[in-house]
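To keep things clear, I will list the structure first and then write my remarks on it.
The values are calculated or read from the model by the stated rules, or taken from the named source; none is laboratory data. Since we're looking at a predicted model, the values are computed, not measured. Every residue, glycine as well, gets a Cβ built from its backbone with ideal geometry; the counts of neighbours run over all protein chains shown.
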Amino acid sequence: MYRNIRLNKYNSYMDFIFILAGLMMLSAIERVFFPVIIPGFKIGLSNILFLLIIFDKSYLYLIQLQAYRIIGINIMFGTFSTIFFALFGGFSSITVMYLLVKYFKQYLSIYVISMAGAISHNIFQIFFACIYFNDLIYFYYIPVVIITGTLSGFIIAFLYEKIRGEDELKF
């Protein structure tokens with residue numbers, strides 16, 4: 001019996017590592033192959049994996065994945081300050097999506113959950129920019145990030161549907 005518990009713990013570590021590797025690969029692909037056309041707008045390919053696992057994993061698990069992904073990718077491709085912007089936006093996105101899934105999943109579609117996560121990510125990065133630069137001028141950018149967040153959330157939910165399949169979309 002002790003052996004099975006140990007094996008299950010090992011499997012959960014391996015799951016975490018493989019999911020993290022997938023998240024980092026999707027983030028790296030996005031950074032390298034998709035140029036930034038609108039400042040602050042990225043599709044957020046790694047959110048496809050978060051949508052796939054958000055229904056069965058704990059909040060702490062999701063936050064840990066997000067933290068490791070953001071720190072790892074920003075060490076490779078970002079700067080010291082971009083880590084904080086990404087952490088602030090990433091944690092808010094996971095929090096919003098997790099709360100929507102936990103309390104409202106029977107009422108909301110995957111599109112609403114994905115778009116809410118993307119919009120909250122963008123808005124909380126604007127809040128962080130206002131705090132970091134000590135200037136409220138960045139609030140003028142909120143309408144743009146709401147539109148881009150809606151668009152990227154829609155794209156991610158659409159890709160999620162295609163990966164998951166129409167017959168398995170019932171939460």
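Across the range 56-107, what is the total count of residues that are under 22 Å from VAL32 (Cβ atoms) and among the basic types (Lys, Arg)?
Adding up the residues that qualify gives 1.
Within the range 124-138, can you find the residues that are touching a residue at least 40 places away in the same chain (Cβ under 8 Å) and of a type outside the set (A, V, I, L, M)?
Within the range 124-138, the first condition is being touching a residue at least 40 places away in the same chain (Cβ under 8 Å), and the residues that meet it are 125, 128-129, 132.
Once the filter is applied, which keeps residues that are touching a residue at least 40 places away in the same chain (Cβ under 8 Å) and of a type outside the set (A, V, I, L, M), the range 124-138 yields GLN125, PHE128, TYR132.
What do you reckon, is TYR107 hydroxyl-bearing (Ser, Thr, Tyr) and assigned to a loop (DSSP other than H, G, I, E, B)?
Working: hydroxyl-bearing (Ser, Thr, Tyr): yes; assigned to a loop (DSSP other than H, G, I, E, B): yes.
In short, yes.
Name the pairs whose Cβ atoms lie under 7 Å apart, with the first residue in the range 11-29 and surrounded by 15 or more Cβ atoms within 10 Å (Cβ to Cβ), the second among the basic types (Lys, Arg), and 6 or more positions between them or separate chains?
Pairs that qualify, where the first residue is surrounded by 15 or more Cβ atoms within 10 Å (Cβ to Cβ) and the partner is among the basic types (Lys, Arg), are LEU20/ARG69; LEU23/ARG69; MET24/ARG69; SER27/ARG69.
A quick yes/no check of all residues on (1) of a type in the set (Asp, Glu); (2) farther than 14 Å from PHE124 by Cβ; (3) touching a residue at least 40 places away in the same chain (Cβ under 8 Å):
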position: ASP56; (1), (2), (3): yes, yes, no
position: TYR61; (1), (2), (3): no, yes, yes
position: TYR68; (1), (2), (3): no, yes, yes
position: PHE77; (1), (2), (3): no, yes, yes
position: SER81; (1), (2), (3): no, yes, yes
position: GLY90; (1), (2), (3): no, no, no
position: SER93; (1), (2), (3): no, no, yes
position: LYS105; (1), (2), (3): no, yes, yes
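Inside the range 61-85, can you point out the residues that are in a helix (DSSP H, G or I) and in contact with a Lys or Arg (Cβ under 9 Å, 6 or more places away or on another chain)?
Filtering the range 61-85 for residues in a helix (DSSP H, G or I) gives 61-77, 80-85.
Those that are in a helix (DSSP H, G or I) and in contact with a Lys or Arg (Cβ under 9 Å, 6 or more places away or on another chain): LEU65, ILE73, MET76, PHE77.
Every residue, every condition in (1) within 20 Å of PHE55 (Cβ to Cβ); (2) in contact (Cβ under 8 Å) with a residue 60 or more places away in the chain; (3) surrounded by 14 or more Cβ atoms within 10 Å (Cβ to Cβ); (4) within 15 Å of the chain's Cα centre (by Cα), yes or no:
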site	(1), (2), (3), (4)
LEU108	yes, no, yes, no
MET115	yes, no, yes, yes
ASN122	no, yes, yes, yes
TYR140	no, no, no, no
ILE147	no, no, yes, no
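For the range 21-43, give me the residue count where each residue is in contact with a helix residue (DSSP H, G or I) (Cβ under 8 Å, 6 or more places away or on another chain) and either of a type in the set (Ser, Thr, Tyr) or under 18 Å from PHE84 (Cβ atoms) (or both).
Residues meeting the conditions: 4.
What single numbered condition from (1) within 16 Å of PHE55 (Cα to Cα); (2) of a type in the set (S, T, N, Q); (3) in contact with a Gly (Cβ under 8 Å, 6 or more places away or on another chain) fails to hold for THR95?
Checking THR95 against (1) within 16 Å of PHE55 (Cα to Cα); (2) of a type in the set (S, T, N, Q); (3) in contact with a Gly (Cβ under 8 Å, 6 or more places away or on another chain), the one that fails is (3).
List the number of the failed condition for ILE63; all other conditions in (1) under 13 Å from the mean Cα position of the chain (by Cα); (2) among the β-branched types (Val, Ile, Thr); (3) at pLDDT below 90; (4) over 17 Å from ILE156 (Cβ atoms) hold.
Looking at each condition in turn, ILE63 falls short on (3).
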